[in-house]
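Data first, discussion second: the structure below is written as structure tokens.
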């Protein structure tokens, strides 16, 4: 994710946007992810839009289903706090 574009986003929005892009790059729908993770489509949408404060376990379930390495979330976190 481009560090310049993340400066105008909250941390939750930056993570959510990254998750959404990775899901779409995998050709998966929110419904696909909901079936794999047991999360609701509405809950997935909220995480992807950076709304609220999602449970860590929900974010990790999404990452596992999509194939996102937790280290990538740490990188986003570091980049966000360095900007």
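The values are calculated or read from the model by the stated rules, or taken from the named source; none is laboratory data. Here the structure is a predicted model, which is why all the values come from computation and not from measurement. Heads up, the Cβs are rebuilt from the backbone with ideal geometry, glycines too, and the neighbour counts pull from every protein chain shown.
Couple of notes before you dig in:
- Identity of the residue in segment 36-59, in contact with a helix residue (DSSP H, G or I) (Cβ under 7 Å, 6 or more places away or on another chain) and over 13 Å from residue 13 (Cα atoms), that ends up surrounded by the most Cβ atoms within 10 Å (Cβ to Cβ): 39
- Qualifying residues in segment 1-15 (those that are over 16 Å from residue 74 (Cβ atoms) and assigned to a helix (DSSP H, G or I)) - the one modelled with the highest pLDDT: 13
- Contact map, segment 43-61: first residue over 18 Å from residue 24 (Cβ atoms), second residue assigned to a loop (DSSP other than H, G, I, E, B), Cβ cut-off under 9 Å, separation 6 or more or different chains; pairs are 58/39.
- Evaluation of residue 27 against the conditions (1) assigned to a loop (DSSP other than H, G, I, E, B); (2) on the phi < 0 side of the Ramachandran plot; (3) free of Cβ contacts under 8 Å to residues at least 24 places away in the same chain shows that the sole unmet condition is (2).
- All of 52, 43 fail the test of being in a loop (DSSP other than H, G, I, E, B) and either farther than 16 Å from residue 80 by Cβ or modelled with pLDDT under 95 (or both), apart from 52.
- Odd one out for residue 33 among (1) modelled with pLDDT of 95 or more; (2) out of contact with any helix residue (DSSP H, G or I) (no Cβ under 6 Å at 6 or more places or on another chain); (3) part of a helix (DSSP H, G or I): (2)
- Subset of segment 62-83 (residues that are buried (at least 19 other Cβ atoms within 10 Å of the Cβ) and without any contact (Cβ under 8 Å) to a residue 40 or more places away in the chain): 65
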